[in-house]
Amino acid sequence: MSFATPTNLVPTQNAGALSAASEVPEVASFNVKAGLAQMLKGGVIMDVINVEQALIAEQAGACAVMALERVPADIRKNGGVARMSDPKMIRDIINAVSIPVMAKVRIGHFVEAQIIESLGVDYIDESEVLTPADESNHIAKHEYKVPFVCGAKNLGEALRRINEGAAMIRTKGEAGTGNVVEAVRHCRTVKAEIRKAQLMDDSELFTFAKEIQAPYHLLKETAKLGRLPVVNFAAGGVATPADAALMMQLGCDGVFVGSGIFKSGDPAKRAKAIVQAVTHYKDAKVLAEVSEDLGEAMVGINISELPEDQLYSKRGW
Amino acid sequence: MTQLDEHKKIRVGVLALQGAFSEHIILLNTLPQVSEAVAVRNAQEIAQVDALVIPGGESTTMALIAERSGFWPALQEFVQTRPTWGTCAGMILLSEAVTSGGTLKGDQKLLGGLGISIKRNAFGTQKESFEAGLHVEGLDNAERLFPGVFIRAPVIDEILKPEDVQVVAKLERDYGKTPKGTIVAVRRGHLLGSAFHPELTRDNRMHLFFVKMAQDWIASQSK
């Protein structure tokens with residue numbers, strides 16, 4: 001299996017062309033992997049740690065849930081090695097909801113990925129929030145039938161992950177802080193680098209590819225499309241409806257909310273408000289309405305006060 | 001003059017609460033029969049379109065957002081009389097009942113109208129998602145297979161109104177536990193439903209099929 005630009009992510013000249021279709025099914029093609037991410041667009045993916053939270057998330061209008069044992073804020077607090085979740089807990093959540101279920105594996109831990117795939121999870125997040133299992137290599141993701149989402153803080157990192165087989169990208173942000181500043185930085189960095197690439201001629205693009213350590217063919221495709229060549233969500237530090245709408249207005253396709261919901265005073269209400277905010281992200285009147293009376297937001301962390309070794313966004317290579 | 005040229009161009013809305021709405025807008029805008037394809041998020045916007053597409057995405061999410069923003073009644077009223085096409089999640093919303101695969105059973109709000117019941121996630125989880133060619137009744141160049149993209153797709157479990165529901169596409173062969181002949185697209189009057197995602201192909205024949213169907217319907221209503 002290999003990369004293919006997701007269909008109709010941006011207007012193309014060859015729309016309307018008849019394609020050769022075969023009766024023989026092609027299972028888990030890159031088009032259906034990237035296609036599920038396209039179906040999640042305009043939606044909110046929520047971190048949940050049990051069936052009860054998964055049901056609250058589904059009722060609130062989440063378009064998918066991320067099943068994990070501890071939300072990032074608790075991983076941060078408790079320390080130690082963070083690993084994939086108990087398969088039983090993931091299976092219980094799969095059985096409880098009808099929306100897609102995602103689960104996290106450690107960077108480079110391809111056996112955790114094999115285990116999670118066998119459970120019938122709909123998307124795997126190879127995540128820097130868990131403790132990395134390999135400090136040089138990520139998982140070779142094209143080999144799996146289940147699609148992968150990966151974090152990125154700049155264009156080179158995003159395109160390396162897509163080259164390895166990721167069918168969806170998210171900003172890394174700084175998970176578990178309730179502080180959106182890093183997600184904004186990563187989103188703007190990617191956008192600025194794409195704009196730069198769009199102005200380059202071919203010989204400059206070769207050099208730029210080398211500079212940002214990105215595969216040339218993916219960089220060229222990105223420059224042509226004017227956006228990342230897969231669906232791109234915001235993640236890491238989104239805590240309020242306004243944060244979610246900010247990331248949407250910056251051009252993200254949807255939003256992951258981790259600790260922000262279930263670490264707040266009224267999770268169900270906040271979850272519903274963030275869902276509305278992502279749909280009506282340009283409508284300030286709706287945003288004002290849904291931001292009203294939400295109770296306490298999660299206590300935030302100033303990222304400049306975090307020691308270097310506790311920055312999750314530095315993980316990943 | 002072909003029959004098509006006699007019809008007025010139509011303005012098509014795509015429900016943009018959640019899901020792959022921009023993909024539909026891109027394909028609709030390739031058709032000369034469409035004056036404009038636009039995103040629809042509220043009652044004011046739906047009042048300004050001639051036909052509607054409900055895209056793929058999460059049907060529970062779309063229903064909850066429509067309900068909580070007060071848009072549900074206007075949406076319900078529109079689909080009762082105006083040409084509407086639901087793809088995947090959109091087809092679920094246009095069905096009368098979800099027989100299996102849904103967990104929000106009691107709470108899943110449906111618009112109804114297509115005269116069918118649905119089996120959600122009929123092929124299994126995401127790793128069973130697939131692409132396969134289909135014969136679709138009534139398409140241009142019908143001998144060319146249409147690329148069917150099935151992502152955590154539902155199927156039509158039962159036709160509840162056999163007198164006026166028309167089968168548009170069936171599976172060409174067995175896929176996993178889902179047998180050949182399973183119905184994956186239907187039409188009932190002004191409504192069209194497909195379990196697959198024509199918005200994830202570059203082939204705009206299904207979009208043309210819907211737009212012509214909508215034009216015919218609008219012309220027949222104004223007589």
message: Checking A:F30 against (1) more than 13 Å from chain B (Cβ to nearest Cβ); (2) surrounded by fewer than 24 Cβ atoms within 10 Å (Cβ to Cβ); (3) under 18 Å from the mean Cα position of the chain (by Cα): exactly one of these is not met. Which one?
response: (1)
query: Quick one: how many residues across the stretch B:46-79 are within 24 Å of A:A62 (Cα to Cα) and among the charged types (D, E, K, R)?
result: 3
- request: Test A:H217 against the stated conditions and say whether it is under 24 Å from A:T7 (Cα atoms), of a type outside the set (A, V, I, L, M) and outside any loop (DSSP other than H, G, I, E, B).
  value: yes
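Of everything in the stretch B:164-206, what is of a type in the set (F, W, Y) and within 22 Å of A:N8 (Cα to Cα)? Give them in sequence order. Steps first, answer last, please.
In the first step, residues of the stretch B:164-206 are kept if they are of a type in the set (F, W, Y); the result is B:175, B:196.
The answer is B:F196, and nothing else.
So which residues in the stretch B:36-86 are in a loop (DSSP other than H, G, I, E, B) and in contact (Cβ under 8 Å) with a residue 60 or more places away in the chain, if there are any at all?
Going residue by residue through the stretch B:36-86, those that are in a loop (DSSP other than H, G, I, E, B) are B:41-42, B:47-50, B:55-58, B:69-71, B:82-83.
Selection gives B:D50, B:P55, B:G56, B:R82, B:P83.
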message: Quick check on my filter: what residues within the stretch B:206-220 are surrounded by fewer than 19 Cβ atoms within 10 Å (Cβ to Cβ), touching a residue at least 60 places away in the same chain (Cβ under 8 Å) and not hydrophobic (A, V, I, L, M, F, W, C)?
response: B:K212, B:D216
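Those residues that are more than 11 Å from every other protein chain (Cβ to nearest Cβ) and surrounded by 24 or more Cβ atoms within 10 Å (Cβ to Cβ), I need them from the stretch B:80-89; list them, please. Lay out the reasoning, then the answer.
Filtering the stretch B:80-89 for residues more than 11 Å from every other protein chain (Cβ to nearest Cβ) gives B:80-86.
Hits for the stretch B:80-89 are B:P83, B:T84, B:W85, B:G86.
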task: Would you check which residues across the stretch B:43-70 are surrounded by fewer than 22 Cβ atoms within 10 Å (Cβ to Cβ) and closer than 18 Å to A:G43 by Cβ and list them?
output: B:E67, B:R68, B:S69
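Select from the stretch A:56-85 the residues that are outside any loop (DSSP other than H, G, I, E, B) and either touching a strand residue (DSSP E or B) at 6+ places or on another chain (Cβ under 7 Å) or crowded, with 18+ Cβ neighbours inside 10 Å (or both) and list them in ascending order. Spell out how you get there, then give the answer.
Applying the first criterion (outside any loop (DSSP other than H, G, I, E, B)) to the stretch A:56-85 yields A:56-60, A:64-67, A:72-78.
Hits for the stretch A:56-85 are A:I56, A:A57, A:E58, A:A60, A:A64, A:V65, A:M66, A:A67, A:P72, A:A73, A:I75, A:R76.
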- prompt: If you scan the stretch A:203-249, which residues turn out to be buried (at least 16 other Cβ atoms within 10 Å of the Cβ) and without any contact (Cβ under 8 Å) to a residue 12 or more places away in the chain?
  reply: A:A209
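Looking at A:A113, A:A133, which is the one that is within 14 Å of chain B (Cβ to nearest Cβ), over 20 Å from A:E58 (Cα atoms) and in contact with a strand residue (DSSP E or B) (Cβ under 7 Å, 6 or more places away or on another chain)? Steps first, please.
On the way: A:A133 fails: within 14 Å of chain B (Cβ to nearest Cβ).
After ruling out the rest, the residue left standing is A:A113.
For the stretch A:113-171, give me each residue that is among the charged types (D, E, K, R) and farther than 27 Å from A:R227 by Cβ.
At the first step, the residues of the stretch A:113-171 found to be among the charged types (D, E, K, R) are A:117, A:122, A:125-126, A:128, A:134-135, A:141, A:143, A:145, A:153, A:157, A:160-161, A:164, A:170.
Once the filter is applied, which keeps residues that are among the charged types (D, E, K, R) and farther than 27 Å from A:R227 by Cβ, the stretch A:113-171 yields A:E117, A:D134, A:E135.
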message: Every residue in the stretch B:20-35 that is buried (at least 17 other Cβ atoms within 10 Å of the Cβ) and away from every other protein chain (no Cβ under 11 Å), please.
response: B:Q33, B:V34
- prompt: If only one of A:S304, A:S291 is over 21 Å from the mean Cα position of the chain (by Cα), hydroxyl-bearing (S, T, Y) and farther than 23 Å from A:G42 by Cα, which one is it?
  reply: A:S304
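Can you tell me which residue is farthest from A:P72 (Cα to Cα) among those in the stretch A:97-110 that are within 14 Å of another protein chain (Cβ to nearest Cβ) and not β-branched (V, I, T)?
Just the residues of the stretch A:97-110 that are within 14 Å of another protein chain (Cβ to nearest Cβ), to begin with: A:97-103.
Cutting the leftovers down to not β-branched (V, I, T) gives us A:98, A:100, A:102-103.
On the way: A:S98: 24, A:P100: 20, A:M102: 15, A:A103: 13 Å.
So, considering only residues that are within 14 Å of another protein chain (Cβ to nearest Cβ) and not β-branched (V, I, T), the one farthest from A:P72 (Cα to Cα) is A:S98.
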message: Every residue in the stretch B:109-134 that is within 17 Å of the chain's Cα centre (by Cα) and within 20 Å of A:A21 (Cα to Cα), please.
response: B:L134
query: Which residue pairs have Cβ atoms under 6 Å apart, sit 6 or more places apart or on different chains, and have a first residue in the stretch A:41-70 that is of a type in the set (S, T, N, Q) and a second that is at pLDDT below 95?
result: A:Q53/A:F262
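Give, as residue ranges, the helices (runs of 4 or more DSSP H) completely inside the stretch A:226-317 that count at least 3 residues that are within 14 Å of chain B (Cβ to nearest Cβ), more than 26 Å from A:A133 (Cβ to Cβ) and of a type outside the set (A, V, I, L, M).
Hits in the stretch A:226-317: A:267-279.
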task: Test each condition in (1) under 22 Å from A:A277 (Cβ atoms); (2) in contact with a helix residue (DSSP H, G or I) (Cβ under 6 Å, 6 or more places away or on another chain); (3) more than 8 Å from every other protein chain (Cβ to nearest Cβ) for B:V38 and report the one that comes out false.
output: (2)
- prompt: Could you say whether any residue in the stretch B:142-149 is under 20 Å from B:K212 (Cα atoms) and surrounded by fewer than 17 Cβ atoms within 10 Å (Cβ to Cβ)?
  reply: yes
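The values are calculated or read from the model by the stated rules, or taken from the named source; none is laboratory data. The structure displayed is predicted, hence computed values, not measured ones. Cβ sites come from the backbone with ideal geometry, for glycine too, and all protein chains shown count toward neighbours.
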